[in-house]
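Colleague: This is the structure, below, for whatever I ask next.
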Amino acid sequence: MSADTPSLHLVCPHCHAVNRLPSARLPEGPACGQCHQALLTGKPLDLTVDIAEKHISRNELPVVVDFWAPWCGPCRMMTPAFAQAAAEMPGIRFAKINTQVETTLGQRFGIRSIPTLILFVGGREIQRQAGAMDAVSIQRWIAQGLSQAGL
Ligand SMILES: [Zn+2]
């Protein structure tokens with residue numbers, strides 16, 4: 001790899017190792033150098049307090065996090081829509097934080113109502129949205145956020 005080959009860091013959703021790989025390899029479905037499982041799964045990843053910071057700040061893919069709780073009806077309604085959006089946007093890391101279990105994360109990100117989606121790029125919050133959305137709206141919301149951020 002030459003020095004000017006664009007590359008990015010990707011946190012493995014399985015073993016949480018930070019991988020560095022050429023951006024051009026992303027569409028090939030790259031595997032983790034450590035655990036050899038797929039780095040891009042197209043499925044939402046559950047984040048706990050131990051790994052949330054790493055995934056939000058070290059991933060160089062945009063990260064969208066769904067803050068939810070099992071008792072919340074609209075959250076459960078949005079679950080399949082979020083999973084569908086994840087399957088259709090493999091270049092975005094989709095993650096979920098159960099605020100009932102991970103109360104410190106809910107507080108840290110100032111979550112006042114659920115569901116709330118937050119879009120992070122390079123660890124920076126780009127935008128947030130409270131309330132349930134369907135899969136098309138989630139994808140449109142992400143695309144708008146990225147374009148407003150100049151990405
Ligand atoms: Zn791994």
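The values are calculated or read from the model by the stated rules, or taken from the named source; none is laboratory data. Predicted model, so just to flag it, every value in this text is computed and none were measured. Every residue, glycine as well, gets a Cβ built from its backbone with ideal geometry; the counts of neighbours run over all protein chains shown.
Colleague: Name, by its number, the condition in (1) surrounded by 15 or more Cβ atoms within 10 Å (Cβ to Cβ); (2) under 25 Å from Leu40 (Cα atoms) that does not hold for Arg76.
Modeller: That leaves (1) as the condition not met.
Colleague: Need pairs with beta-carbon distance below 6 Å; first residue crowded, with 22+ Cβ neighbours inside 10 Å and modelled with pLDDT of 95 or more and within the stretch 45-70, second of a type in the set (S, T, N, Q) and in a strand (DSSP E or B); sequence gap 6+ or separate chains.
Modeller: Phe67/Thr116
Colleague: On the given criteria, is Gln129 farther than 23 Å from Thr41 by Cβ and assigned to a strand (DSSP E or B)?
Modeller: Yes; evaluated as a whole, the condition is true for this residue.
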